[in-house]
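Colleague: Got a structure for you, questions after.
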Amino acid sequence: MPNQRFVTSNPNTSATNVSILGITKEDFIDAFKWYYVHLLGREENFHTSPFYACEALSMSIRDRLMERWKTTNKTYVKMESRQVFYLSMEFLMGRTLSNAMLNLGIIDEATQAMHDLGIEIEELLDREQDAGLGNGGLGRLAACFIDSCATLQLPVTGYGLRYEYGMFTQVIVNGEQVEKPDHWLRQGNVWEIERREYSLRIKLGGHTEVQENEQGEHRICWISTQDVLAVPFDTPIPGFKNNTVNTLRLWKAVATEEFNLDEFNAGDYAESVASKVKAEHITMVLYPNDANENGKELRLRQQYFLASASLQDVIGHWTQQHGNEFGNFAKKSCFQLNDTHPSIAIAELMRLLMDVHGLSWAAAREITQETMAYTNHTLLPEALEKWPVSLMQRLLPRLMEIIFEINACFMSEVAARWPGDIDRLNRMSIIEEGDQQQVRMAYLAIVGSFSVNGVAQLHSQLLQQGLFRDFYELWPDKFNNKTNGVTSRRWLASCNPELAALITDTIGDGWITNLVELKKLELFAEDTGFRNRWYSIKQRAKQRFIAHKKQQQDIDLNPEALFDIQVKRIHEYKRQILNVLHVIHLYDCIKRGDTLNWVARCVLIGGKAAPGYVMAKKTIKLISNVSQVINSDPDIGDKLGLFFLPDYRVSGMEMICPAADLSEQISTAGKEASGTGNMKMMMNGAITIGTLDGANIEIREEVGDENFFLFGLTEDQIEARRGRYDPEAIIALDDDLQRVMQLLESGHFNQFEPRIFDDLIAAIKSKDDPWMTIADFRSYINAQKRVEAAYRDKNHWVKMSILNCANSGKFSTDRTINDYNSGIWKLEAVPVQYPPEIYTKNPRPS
Ligand code: B0W
């Protein structure tokens, strides 16, 4: 049955199977029926409504988390554990149900229970909406991190925003991206629990005043503000087969009562409703910009809303236990800032400690400095956040005062270290001078934190030598690297259960929590029987993907073809265009009859473009047009296919990565901070074709040069070329490239849409092309030829595939989180104990 993803014990057995948590199939049947019939109020014909069946199954599973969740919280409080708070504007969680089943160790029981009720669990799992509360890598990293923290039993809470609308749904109309709103909460979300009782008040606007209290002390007050309520919604984050259930707390903006009443009483009803809408706008929509221009006021409101709510929450818990005594606060708390997006937290923590809790500037500064840690995710200048001082003064007047003060202290430190170096003062100032003064958020984050890290070796090195060089000279010890990872639970165990079962049969299941154990697979890379099983599993994954695409898009993919995958946000630096140039070259070869030893190839490209990013949207259009010409040409047949995969998202990747043969990681060297899709595909046995960029470098180090297709200029070479880069000269000397450009420029792919690709073509032909696509063309084509040679030798390819998986152990977020913990967080693992009866107790009334 090609569409069956889960491998379970025989579903027809009626024997009572007890999961490791002591839950039986019968327990599930009971629970499921109770929810379906009593709570959801449906008739007992379960298979007629997969949506409600999915709800009922989710509720039955959520039940099993509740006691563990509460006990985990109580344990942290009782043990007075040091805790980490991961502040992120994005948590790209994807689906929850199958991950929860995996981590609770109850896939078999739940699958069999559904089977007995006449339901295929696969069908239910496909009903679940993705929680698309993120753009791409940065948001998915946050989601992988919290999975690993729970598995490692670390007291880590994720804090983020509960966007009403997540990442837009992408539809393709006439080859172009059209964005549709993603109202993911429309049908409710069984995984979240609203905790209105913990709502907090967030200030915005107003002005500051010095006031004297009863003790005659002067305090700065931030008054006449327009407040908004932050209401928390909690999602349980279960560890893998342990008793830990951590929390992801997402804030929703709700208007305060007086927000409405003030204007209502003044007789302006319409205005009062308008203010309510404005307040609640804050968490309405996720900004869909991945590493793009930003600077919108609403975005700053969102950032401050997240920072203030989360800090007030943490401080509120603290004062409940310790009153106004903050002596140990820094010993017990650490905030990890996921990029600069939440970095206003630095000024906000100072404000809360001084203005609300009465600490001195020096005490507040010390606590802040000892608790804040900052992760940088990009070197691209357009993604580095700056906020106009005037905007901050209007929206966050007290925060702006504090930032000025932090900067004044910092500037005197720099002046003391480098007397008279005015240039350096200007370069390093948190406030950028110019037509309009701006706050450089990255500098605020560096100055305010005790740790600054990049996300892959090369990226961290480039931060130190380039972007943050002055700061590295001042505080070398602050800077460190934490190479990214992905969670092996979702990205291998759950998304590729057949491969996972083969691995477990071969080397045991220790790899699920200790991914370096995959290394043991190396011993089997030469074993013919093992290779054959590996190959069959990869083929079945391809078949499943093909069936899915047939159903979804009515396209036919060739299962014998090399599956060549590039899925990620569309961005010039990621160079999807280079991929297209290669496809056009292959097309040209076929048309010319140059097909000796041809390797059939199916190129799949997926990803969203930021709605305002013209070049990225044009790239999608180009892919669509080229795809149309190639796929409808009878000369091409099964030899080559190019397909754009619409609406790429987390659940999409869970389908694609088991089917991937070749993983395209072809960014301009020095531009992709890390990449994490590369890790997911490697883990599932795909081989990377890539530049020496981001985590590719470490992937290649792990798997060895012979199992990686390297091409392209290095970061040094790219930088050295700038100023003397001449793409036209390169084209003139390369016949293949000339033909490719000729096809493009002749309008072959846009016969009825004249000139639409002119700007794309001009960009890659420009001497100033920052991404130097043309410079890497020849070496990319040659690397692709090596790919074909390797793929022709099936046995050899399978071996490379096994070795890629076997050497992916480093790229587990368990390793990444252990690195964060030993280098930055310094948490102790906190095992959570339960009385055994809670394992089996049925939490529902019977
Ligand atoms: C994401 C969002 C925004 C925004 O909304 O303004 C700005 C920048 C980003 C972003 N995303 N910056 N870097 C990333 C990606 O982060 C992952 C995880 O570390 C890396 O693997 C990618 O290389 C990086 O591009």
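The values are calculated or read from the model by the stated rules, or taken from the named source; none is laboratory data. This structure is a prediction, so every number in the text was calculated from the model and none was measured. In this analysis, Cβ positions are derived from the backbone assuming ideal geometry, glycine residues included, and neighbour counts consider all displayed protein chains.
Colleague: Going by what's in this entry, would Leu133 be described as among the hydrophobic types (A, V, I, L, M, F, W, C), at pLDDT 95 or above and within 16 Å of the ligand (Cβ to nearest atom)?
Modeller: Considered against the rule, which asks whether it is among the hydrophobic types (A, V, I, L, M, F, W, C), at pLDDT 95 or above and within 16 Å of the ligand (Cβ to nearest atom), Leu133 comes out as yes.
Colleague: Still on this structure, I have one more. Pick out the one residue from Ile146, Ile172 that is among the β-branched types (Val, Ile, Thr) and either within 16 Å of the ligand (Cβ to nearest atom) or part of a loop (DSSP other than H, G, I, E, B) (or both).
Modeller: Ile146
Colleague: Continuing with this model, one more query. Within region 707-735, track down each residue that is among the charged types (D, E, K, R) and either assigned to a loop (DSSP other than H, G, I, E, B) or over 17 Å from Asp769 (Cβ atoms) (or both).
Modeller: Result: Asp716, Arg722, Arg724, Asp726, Asp734, Asp735.
Colleague: Now for a separate question. Just one of (1) in a helix (DSSP H, G or I); (2) aromatic (Phe, Trp, Tyr); (3) away from the ligand (no atom under 16 Å from the Cβ) trips up Tyr304, so point out which.
Modeller: Failed condition: (3).
Colleague: Please determine, by comparing only the residues of region 694-706 that are within 16 Å of the ligand (Cβ to nearest atom) and in a loop (DSSP other than H, G, I, E, B), which one is farthest from Asn804 (Cα to Cα).
Modeller: Among those residues, the one meeting the criterion is Gly694.
Colleague: Shifting gears a bit: What residue, among those in region 456-472 that are small (Gly, Ala, Ser) and surrounded by fewer than 24 Cβ atoms within 10 Å (Cβ to Cβ), is farthest from the ligand (Cβ to nearest atom)?
Modeller: Filtering region 456-472 for residues that are small (Gly, Ala, Ser) and surrounded by fewer than 24 Cβ atoms within 10 Å (Cβ to Cβ), the one farthest from the ligand (Cβ to nearest atom) comes out as Gly466.
Colleague: Identify the residue in region 589-604 that is over 11 Å from Leu662 (Cβ atoms) and of a type in the set (Val, Ile, Thr) and, among all such residues, is surrounded by the most Cβ atoms within 10 Å (Cβ to Cβ).
Modeller: Per the stated criteria, the residue is Ile590.
Colleague: Still on this structure, I have one more. Going by the structure shown, is Gln738 more than 16 Å from the ligand (Cβ to nearest atom), part of a helix (DSSP H, G or I) and surrounded by fewer than 19 Cβ atoms within 10 Å (Cβ to Cβ)?
Modeller: yes
Colleague: Okay, next question. Within region 322-351, take every residue that is among the β-branched types (Val, Ile, Thr) and touching a strand residue (DSSP E or B) at 6+ places or on another chain (Cβ under 8 Å) and give me the one that is surrounded by the most Cβ atoms within 10 Å (Cβ to Cβ).
Modeller: Ile346
Colleague: Given the condition of a type in the set (Asp, Glu), more than 16 Å from the ligand (Cβ to nearest atom) and farther than 28 Å from Leu104 by Cβ, answer yes or no: does some residue in region 497-515 qualify?
Modeller: Checking region 497-515: not a single residue is of a type in the set (Asp, Glu), more than 16 Å from the ligand (Cβ to nearest atom) and farther than 28 Å from Leu104 by Cβ.
Colleague: Now, a different point. Of the residues Asn453, Asn480, which is of a type in the set (S, T, N, Q), buried (at least 22 other Cβ atoms within 10 Å of the Cβ) and within 15 Å of the ligand (Cβ to nearest atom)?
Modeller: Asn453
Colleague: Here is a follow-up. Report every pair of residues separated by at least 6 positions or lying on different chains whose Cβ atoms are under 9 Å apart, first residue within region 156-176 and on the phi > 0 side of the Ramachandran plot and charged (D, E, K, R), second assigned to a loop (DSSP other than H, G, I, E, B) and surrounded by fewer than 20 Cβ atoms within 10 Å (Cβ to Cβ).
Modeller: none
Colleague: While we're looking at this one, here's another question. Let me confirm something: among Glu109, Glu120, which residue is of a type in the set (D, E, K, R), at pLDDT below 95 and either within 16 Å of the ligand (Cβ to nearest atom) or crowded, with 24+ Cβ neighbours inside 10 Å (or both)?
Modeller: Glu109
Colleague: Just to be sure before I move on: is Leu311 within 30 Å of Thr483 (Cβ to Cβ), under 32 Å from the mean Cα position of the chain (by Cα) and within 16 Å of the ligand (Cβ to nearest atom) in the structure I sent?
Modeller: no
Colleague: List every residue pair whose Cβ atoms sit under 7 Å apart, with the two residues 6 or more apart in sequence or on different chains, where the first one lies in region 525-539 and is loosely packed, with under 15 Cβ neighbours inside 10 Å and the second, anywhere, is not in a helix (DSSP H, G or I).
Modeller: Short answer, once both residue conditions are applied: Gln539/Pro559.
Colleague: Let me ask something additional. Taking only region 517-573 into account, find how many residues are within 16 Å of the ligand (Cβ to nearest atom) and of a type in the set (A, V, I, L, M).
Modeller: Of the residues in region 517-573, 2 are within 16 Å of the ligand (Cβ to nearest atom) and of a type in the set (A, V, I, L, M).
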